[in-house]
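Inspection log for the structure reproduced underneath, given as structure tokens.
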Amino acid sequence: MQEFSFCCPTEIVFGRGTEERTAELLKKYGAHRVFVIYGGGSVVRSGLLARVERVITANGLAFRVMGGVRPNPRLSLAREAIREAISFEADFILAVGGGSVIDTAKAVAHGTANPQTDIWEFWEGKAKLEKSLPIGVVLTLPAAGSETSDSAVLTNEEAGKKGGLHTPLNQPAFAILNPELAFTLSSPQLAAGIADIIMHTLERYMTHVDGNELTDRIAETLLSNVVKYAPVVLAHHKDYEAMSEIMWSGTLSHCGLTGLGRPKDFSVHKLGHALSARYDTNHGESLTALWASWARAVYEKRPERFARYAEKVWDVDAGSPEERARAGIRKTEEFFRSLKLPVSLGELPSGVLDKAALKALADNVTDGGKKTVGSFRPVDKALALQIYEAANH
């Protein structure tokens, strides 16, 4: 194994009915005044929010609720929520929802603890984040893994930018994972979430660093597990066993465990963020629309790595490393298609883009050519444009 530092302080409470333990965990981590954040209303319609409110009330905790979080979480709503949380004198932020709700909760926790600083300054690196409020999660969507990750993503609508903040202060104190809470998700929501799980793992797996065999095997097993259970859960949303496997895979995919001892790549995420910032593209779909084009543009830098992926996850064991690498890319693309996910820009709602739009995306990713993203093959402006052009059909 190579050197690494790993800490995942989030307490996981997994299983049926675990949302009933919300107040117990809030009190354990020192909450007295809880600011609850949720999304578009599904937690209201399902009765989940009412159950959470009931157990909080029964345990004598004060709380205030705010909804309205959308996919590709908005900076403007986070700022509004911060004002509400400060007014309420919140000492704990509780997210009831998926990745966008959790990321918004992280932003609110940081902003409430630092009322003198606009939170976008933390995202831009203009201010150093040194304190925050504790965060808890009641998860409803297996996808982003934000319930254990040290990252949070926001979209600045005014600037047309989507970016991430990485800090240990992003890691929640606890996360409640009841697979039954995901039973009411639509197939497109589930499929996009599954794509995010796969990509969080692949973006750590594609590397030039050797000597992390256990890390590799954990990542390969997680990917194989998702490939096995994704078709089951999409066909039968209330299959508890399948949903539990997908949900736990999502949590593990982004806590750092699948990438120990090597740098993260995440160039496809950066390429996808530019799409989401400009066109409000669904995050998971932005990744599947671009991944194969990225992979074909970079695999020759280390075909044996892609070949191992093809062998361990897709049982491709014949041919040269280059042939196996290409087969693995093709099988991944076919798998995304089987989940009814887009594998090109033309399959997204924004459709095939003109050359000016592609150049604008490449500029967004690389800050006008001033920087590169990723580590497997650093993506500069020219390579970003090449990848977008290859996917533009």
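The values are calculated or read from the model by the stated rules, or taken from the named source; none is laboratory data. These numbers come from a predicted model, not from an experiment. Note: ideal-geometry Cβ built from the backbone for every residue, glycine included; neighbour counts use all protein chains shown. Just so you know, the surface numbers come from the protein's heavy atoms only, side chains and all, with ligands and any DNA or RNA stripped out. Shrake-Rupley method; radii C 1.70, N 1.55, O 1.52, S 1.80 Å.
Can you compute the charge dipole magnitude of the chain about its Cα centre, using +1 on each Lys and Arg Cβ and -1 on each Asp and Glu Cβ, nothing else charged? Give it in debye, rounded to the nearest 20.
Charge dipole of the chain: 400 debye, to the nearest 20.
What accessible area per residue, rounded to a whole number of Å², is obtained for the chain using a probe radius of 1.4 Å?
Using a 1.4 Å probe on heavy atoms only, each residue of the chain averages 40 Å².
Out of residues 5 or more away from VAL138 or on other chains, whose amide H comes under 5 Å of its own, with H placed 1.01 Å from N in the peptide plane?
Residues meeting the criterion, in which the H sits 1.01 Å from N, are ALA95, VAL96, GLY97, ILE176.
Just how much of SER253 is accessible, in Å², when a 1.4 Å probe is used and the result is rounded to the nearest 10?
Taking all protein chains as shown, SER253 has close to 0 Å².
Show LEU169, LEU353 ordered by accessible area, largest first, where the area counts protein heavy atoms only and the probe is 1.4 Å.
Output order, biggest surface exposure first: LEU169, LEU353.
Would you mind estimating how fast the chain diffuses translationally, via Stokes-Einstein at 20 °C and 1.002 mPa s with the Kirkwood radius over Cα pairs, in µm²/s?
Using the Kirkwood radius from Cα pairs, D works out to 101 µm²/s.
Quick one: the Cα spread of region 136-235 along its three principal axes, in angstroms, biggest first?
Result, largest extent first: 41, 37, 29 Å.
How big is the dipole moment of region 277-388 about its Cα centre under a simple scheme where the beta carbon of each Lys and Arg is +1, that of each Asp and Glu is -1, and everything else is neutral? Debye, nearest 20, please.
Using Cβ point charges on Lys, Arg, Asp and Glu, region 277-388 gives about 260 debye.
Protein chains only, probe 1.4 Å: how do TYR279, TYR309 rank by accessible area, largest first?
From most accessible down to least: TYR279, TYR309.
Under the rule of at least 5 residues apart or a separate chain, name every residue whose amide H is placed under 5 Å from the amide H of ALA62.
HN-HN under 5 Å from ALA62: VAL34.
For region 324-393, which trypsin sites (Lys or Arg not before Pro) are both in a DSSP coil and crowded by at most 14 other Cβ atoms within 10 Å?
In loop regions of region 324-393 (DSSP not H, G, I, E or B), the sparsely surrounded trypsin sites (Lys or Arg not before Pro) are LYS340, LYS370, LYS371.
State to the nearest 20 debye the size of the charge dipole of region 94-246 about its Cα centre, where the only charges are +1 on K and R beta carbons and -1 on D and E beta carbons.
For this selection, approximately 220 debye.
Normalising by the residue count of the chain, find the relative contact order in percent from Cα pairs under 8 Å and 6+ residues apart.
Computed over the chain, the figure is 15 percent.
Please give the calculated 222 nm ellipticity per residue for the chain, where each DSSP H segment of at least 4 residues contributes -39500 (n - 2.57) and the sum is spread over every residue; nearest 500 deg cm²/dmol?
-15500 deg cm²/dmol
Would you mind telling me the antiparallel percentage of the DSSP bridges in the chain, rounded to 5?
That works out to approximately 25 percent antiparallel.
Answer rounded, prolate or oblate for region 81-130, using the Cα gyration tensor with square roots of eigenvalues a ≥ b ≥ c: rounded when a/c is under 1.5, else prolate when a/b is larger than b/c, else oblate.
Judged from the Cα gyration tensor, region 81-130 comes out oblate (a/c at least 1.5, b/c at or above a/b).
Residue by residue through region 161-173, what is 3J(HN,Hα) from phi via Karplus (6.51 cos²θ - 1.76 cosθ + 1.60, θ = phi - 60°)? Round to whole Hz and write x for glycine and proline.
10, 10, x, x, 10, 10, 6, x, 5, 7, 7, x, 6
In region 342-387, if the dipole is taken from +1 on Lys/Arg beta carbons and -1 on Asp/Glu beta carbons about the Cα centre, which of ILE387, SER344, GLY374 is farthest to the positive end?
GLY374
Tell me whether region 314-393 comes out rounded, prolate or oblate; compute the Cα gyration tensor, take square roots of the eigenvalues as a ≥ b ≥ c, and use a/c under 1.5 as the rounded threshold.
Because a/c hits 1.5 or more and a/b fails to exceed b/c, region 314-393 counts as oblate.
Percent of accessible area on the chain owned by carbon and sulfur, 1.4 Å probe?
49
Any idea what angle helix 267-279 forms with the longest principal axis of the chain, computed on alpha-carbon atoms, 0 to 90 degrees, nearest 10?
The two axes meet at around 60 degrees.
Report PHE4's accessible area, 1.4 Å probe, all protein chains in place, as a number in Å² to the nearest 10.
Probe radius 1.4 Å; accessible area of PHE4 about 100 Å².
Could you check which residue among LYS162, LYS228, LYS264 shows the biggest mean-square fluctuation in a GNM of the chain with a 10 Å Cα cutoff?
It is LYS228.
What shape does region 242-308 have by the C-alpha gyration tensor, where a ≥ b ≥ c are the square roots of the eigenvalues, rounded means a/c under 1.5, and otherwise prolate means a/b greater than b/c and oblate the rest?
Oblate.
Rounded to the nearest 10 degrees, what's the angle between the helix 213-235 long axis and the longest principal axis of the chain, both from Cα atoms, 0 to 90?
The angle comes out near 80 degrees.
Springs between alpha-carbon atoms under 10 Å, Gaussian network over the chain: tell me which of THR288, THR207, THR167 tops the mean-square fluctuations.
THR167
Most fluctuating residue of ILE194, ILE37, ILE12 in a GNM of the chain with Cα springs under 10 Å: which is it?
Highest fluctuation among the options: ILE12.
Each residue of region 103-118 in order: what ³J(HN,Hα) in whole Hz does its phi give by Karplus 6.51 cos²θ - 1.76 cosθ + 1.60, θ = phi - 60°, with x for Gly and Pro?
Values, residue by residue: 4, 5, 4, 4, 4, 5, 4, 5, x, 5, 6, 10, x, 7, 10, 5 Hz.
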